[in-house]
Amino acid sequence: QERIPDFYWSPEKLPSLNAANRSARILRSERREGCLRILSAILKFTDVASLRVGVPSAQGFTGVTISLLAKHAGMTLRRAERAVANLKTAGLLTVSPVAEKQADGSYLGVAAVKAVSKHLWGCFGLLDMLKHEREKASKRARKVQRKTANVVSRAKSRAALTLDAIRTTLPRARRTDPELQRRLALREIELRI
């Protein structure tokens, strides 16, 4: 983020962004400023391990909206949209729209998945540092994942033992009771969840 403002004074540092206006002229200063502000906001939300833009949540990785990026960049929504379009054209950002299917069969658009190109770091001479930091971030993510998997496997084992204990302690005559079987199945589902 500290090196991004260099582009404002030296547009040749990001030649693809400078060429995003599809003209031989240098990108206008206002447009350069908008691109730099939105790029700084994007980097604020970038996951180093995957280079995706978003925040981790209980449902997984959630993308951020352009309106949130505009708010963090201190820009209007329309100006932020133009800046993101320039970053996409320059190949510095990829944007993949996402839609969730609703119960009624319709689709609802959610925040698109955005990813920053690793070549952005290369333009500023930080590609080796990015590789090192991505390895560290991946190791941290794997450590958290192993910890979570261990907790989940312990919980599953406890639930299985509880279910086995319930099944073995019931008299044989009651095991065939359909109402009891239904309650046991529901309890088993609750324990698995």
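The values are calculated or read from the model by the stated rules, or taken from the named source; none is laboratory data. Bear in mind that the values here come from a model prediction, so they are computed numbers and not experimental data. With ideal geometry, Cβ positions are generated from the backbone for all residues, glycine too; neighbour counts draw on all protein chains shown. For accessibility, only protein heavy atoms count, side chains too; no ligands or nucleic acids. Shrake-Rupley method; radii C 1.70, N 1.55, O 1.52, S 1.80 Å.
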Q. Which members of the range 75-112 meet the condition of being assigned to a strand (DSSP E or B) and either over 21 Å from Gln1 (Cα atoms) or acidic (Asp, Glu) (or both)?
A. Ser96, Pro97, Val98, Ala99, Glu100, Lys101, Tyr107, Leu108, Gly109, Val110, Ala111, Ala112
Q) Taking the range 113-123 as the region of interest, how many residues are touching a strand residue (DSSP E or B) at 6+ places or on another chain (Cβ under 9 Å), within 14 Å of Gln1 (Cα to Cα) and not in a strand (DSSP E or B)? A) 1
Q) How many residues does the range 169-191 contain that are part of a helix (DSSP H, G or I) and modelled with pLDDT under 70? A) 5
Q. Counting only residues that are among the small types (Gly, Ala, Ser) and either in contact with a strand residue (DSSP E or B) (Cβ under 7 Å, 6 or more places away or on another chain) or within 19 Å of His119 (Cα to Cα) (or both), how many does the range 1-54 have?
A. 9
Q: Answer with yes or no whether Gly74 is out of contact with any Cys (no Cβ under 8 Å at 6 or more places or on another chain) and closer than 20 Å to Leu127 by Cβ.
A: no
**Q.** Unique residue being closer than 24 Å to Glu135 by Cβ, open to solvent by less than 50 Å² (accessible area, probe 1.4 Å) and of a type in the set (Phe, Trp, Tyr) when the list is Phe45, Phe7, Phe61
**A.** Phe45
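Being out of contact with any helix residue (DSSP H, G or I) (no Cβ under 6 Å at 6 or more places or on another chain) and open to solvent by less than 60 Å² (accessible area, probe 1.4 Å): is that true of Gly91 here?
Criteria not met by Gly91.
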Q. Here are some conditions: (1) closer than 30 Å to Arg142 by Cα; (2) in contact (Cβ under 8 Å) with a residue 12 or more places away in the chain. Gly60 meets all but one. Which one does it not meet?
A. (2)
Q) So which residues in the range 48-58 are under 27 Å from Thr76 (Cβ atoms) and surrounded by 14 or more Cβ atoms within 10 Å (Cβ to Cβ), if there are any at all? A) Leu51, Arg52, Val53, Gly54
Q: Return the total of residues in the range 1-50 being of a type in the set (Phe, Trp, Tyr) and under 13 Å from Leu120 (Cβ atoms).
A: 1
Q) Mind checking whether some residue in the range 143-160 is part of a loop (DSSP other than H, G, I, E, B), open to solvent by less than 90 Å² (accessible area, probe 1.4 Å) and either touching a residue at least 40 places away in the same chain (Cβ under 8 Å) or polar (S, T, N, Q) (or both)? A) no
